[in-house]
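Structure, as structure tokens:
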Amino acid sequence: MKSEKMMTKIMAAPAGATPQRGLTSEEARRRLSEHGPNEPSAGAHSTLLRQTAGLFLNPLVIILFVASAISAALGEFVNASIIVFVVLLSLALNFYQTYRSERAIEELRSKVALMASSLRDGAWTQIPRRELVPGDVIRLEAGSPVPADAQLIEAKDLHVQQAALTGESLPAEKETGEMVFLGTSVVSGTALAEVKATGRATQFGDIAARLAAKPPQTEFERGLQQFGLLITRTVFFLVLFVVVVNLAFHRNALDSFLFAIALAVGLTPEFLPMITTVTLARGAVRIARHHVIVKNLAAIQNFGSIDVLCSDKTGTLTSGEMTLDQNVDPLGKPSERVVDLAYLDCLYSTGAKGANPLDAAILRCDRPARPDCSKLDEIPFDFERRRHSVVVQCGQERQLITKGAPEGVLAVCSKYHVDGSEHVLDAEMRTKCDEAQRRLCANGYRVLAVAVRSVEPQAAYRLADEKDMVLAGFLAFIDPPLADAAEAVRALRRDGVDLKILTGDNELVARHVCTQVGIEVRRIVLGSEMERMSDAALAHRAEETTIFARVSPAQKNRIILALKARRHVVGYMGDGINDAPSLHAADVGISVAGGVEVARDAAEIILLRPGLDVLHAGVIEGRKAFGNVMKYLLMGTSSNFGNMFSMAVASVFLKFLPMLPTQILLNNFLYDLAQVTIPTDNVDPDFSRKPRRWDLKLIRDFMLFIGPISSIYDFLTFYVLLRIFRASEMEFHTGWFVESLATQTLVLFVIRTAGNPLRSRPSVALAVTTVAVVAIGILLPFTPLAVPLGFTPLPWGFFAFLGGATVTYLALVEVVKRRLMGRLPHGHRSAI
């Protein structure tokens, strides 16, 4: 509940708006400047300063700058300058690529920015929620989140779901003068309210500031963390080995220190954050072309990892365009009376007219005007009783009309109406009525029951008044399957995504629709059965079940958690008010642009066009984005580890450092530069056929098996340089620099695909940057930069050796790569 201190703070907020005019635009701008954007937590969007600070606070960057300062203090100005130059160039490239990617994501995110209906300059206007200020007059209706802490000016049958703040599972009724809070959502009714607090001044913002709870890690983030620990351990032991060995041989302490630090940099994939951000950002842009907007970059990888997709059938398998096909009395005979009653219920229902597709179908019926009818009261729909009621006065008669799910309406009926008269609804007739609606359901109809009774005048009507109703009959709606639903279902199944239908409809309708679109119905579980299951039993049953019917929102949430407990990556697709908890619980929450704001707020991915075909395209793009991230990781761990291991071993046997620290940094920078275009690369079609997850074993195997192959060729280069070409120290540095850069860079063409590298074509950008970097490495010793960098021209015979060594190295890596891939389980092959 709200604290007295918080209530005082809110009620003391500035006023000045009126329900007739609201704020002026000028006053709203002034208050926005004074109070700041309406965002509950500070730092919701990264800033330029924070990005820059994050790059410079990298521990390795700090060590490099310290090493540069020490070199300068000892007179090594050239080395110090080169270190600073290379580090700053790497940081600048990292910053530019990341900043550009984030701007692209912000542009996409703005397309699904949450809006609020605010009264400005006397007119209702849709403005971004973050621009609301204290004093704004806002309009609330069913399906909209409460955009700020506000006091109700007018309220009509308003019910608010505020479990996020109070823990209450059922919606709370709100009346004029009461407060509604950010973080809650409107379940039913309408209201006008005046904003009293925004952003961090709200109760939700206050809680967020005090708790500052970091959201649970996604699978992608967990994978990155585990990879970071693997690299950290490897770096630590390798650097410790180099430092101890060099000090034991009484070599220059500063040179040994700089050499060890350079090794650490060479082994660490410092471009990983940039490569990851750019790759996922490009994936987000490509996904947007398929009408899919990603609100959180990490969700792209999770999107591609989905192996279970839970969804309602409406709008996913079917068009969601309901048509009233049959209207019958309790005995199944055509009846116009049942349509008339349902029409009145929809006509006087509070909220957006026709927002519910069933109500929209009823309102499209051509019914005669009833000027003698007026609404007296309403009992809003809720997801527990699954019915809605209105009280109307038509002439001298006052009626309570109830419409909803057949089981919900039949539960409050004691009579039925046929042939102009009422009869007692005994057990036998109740069974016949139930059979009539079940026959309709078995033929694929969505069925509503309608009941009515006369009521006495009273001040207000409550749930308890829904009793002794007279069943008027049933309405049967048809929602045809989408034309491409069957193909989309086949595509998802082919690509490793198991589709499960979670619906509030009965099992007969769900089975009929699933059969029409080619979903094999293995098992059906009802919500009533779930109530008797333990979480462990549900987890086991959920994997075998295709349809969960007659389930409540809370039960949908249980199903998702049960599947996650069985190590599935679960996507949930929903667009209604009751879908928000499940969207939060799933690994990937997916909503549609036409869904209610509560659902879009909870979702990480928004489909601009409904349909499984759109979602399937997004899943494939997510897998491609993850595939390109994996290429960089496998490259960095295999080639880098091999070269750094070679340097560590060579430092033991050589009387001089095998490569100068500045040359190691330059080599590493050029190598990283070649991989900047990995995000543009093509991904093998086979990779997209299965859900993809982090595979640290594969990364470790590449490091332990591919890396030593690189070291073998490094040692061969050492022998050729020292024994055949009788190389000086400078020639040795130059020759190994060129050989290591050529082999570890060109091996990208082999590692980038699990198949034949001659058949899998890289992107043009990747091919150009890779070849260009190798060319730069070969030409550097012949340029004016050679002397300051410690290079010297090499004999032409060395390049003949280089060509042969590179070709045989790539061939040997291809053989080992195929062996490593062949040892993986079938579902994990083609892992890059």
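The values are calculated or read from the model by the stated rules, or taken from the named source; none is laboratory data. Remember, predicted model here, so these are calculated numbers, not experimental data. All Cβ positions, glycine included, derive from the backbone under ideal geometry; neighbour counts span all protein chains shown. SASA here: full protein model, heavy atoms, side chains in, ligands and nucleic acids out. Shrake-Rupley method; radii C 1.70, N 1.55, O 1.52, S 1.80 Å.
Results, tabulated for the structure shown:
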quantity	calculated
Dipole magnitude of the range 719-802 about its Cα centre (Cβ charges: Lys, Arg +1; Asp, Glu -1), debye to nearest 20	340 debye
Probe 1.4 Å, accessible area per residue of the range 456-569, Å²	44 Å²
Cα-Cα over 25 Å, subset of K174/K295; K631/K697; K375/K432	K174/K295; K375/K432
Placed amide H near V308: partners under 5 Å, 5+ positions off or other chain	D498, V569, G571
Hz values of 3J(HN,Hα) by residue in the range 771-780 - Karplus curve (6.51, -1.76, 1.60), Gly and Pro given as x	5, 5, 5, 5, 4, 4, x, 6, 7, 3
Heavy-atom accessible area order for H512, H540, largest first, 1.4 Å probe	H540, H512
Accessible area, probe 1.4 Å, largest first, for residues F204, F687, F782, F801	F782, F204, F801, F687
Solvent exposure, largest accessible area first (probe 1.4 Å, DNA, RNA and ligands not counted), of S33, S454, S374	S33, S454, S374
Placed amide H near E422: partners under 5 Å, 5+ positions off or other chain	none
Sequence-separation-based contact order of the range 701-813, relative, with Cα cut under 8 Å and 6+ spacing, percent	37 percent
Net lengthening on full extension, E336/N756 (0.36 nm per residue, minus Cα-Cα)	144.3 nm
Reachable aspartates and glutamates from K655, criterion Cα separation under 15 angstrom, eight or more residues apart if same chain	D255, E729, E731
Heavy-atom surface of the range 723-777, accessible at 1.4 Å and reported per residue (Å²)	41 Å²
Coil-residue trypsin sites (Lys or Arg not before Pro) of the range 443-505, DSSP, other Cβ within 10 Å capped at 14	R462, K467
Length-normalised contact order for the range 585-647 - Cα pairs under 8 Å, 6+ apart - percent	21 percent
Calculated from backbone phi, Karplus (6.51, -1.76, 1.60) coupling profile of the range 510-515 in Hz, x at Gly/Pro	4, 5, 4, 5, 4, 5
Restricting the range 690-728 to trypsin sites (Lys or Arg not before Pro) in coil, as DSSP defines it, with at most 14 other Cβ within 10 Å	R726
Karplus (6.51, -1.76, 1.60) ³J(HN,Hα), θ = phi - 60°, over the range 431-442, in Hz, Gly and Pro reported as x	5, 5, 4, 5, 5, 4, 6, 5, 5, 5, 4, 5
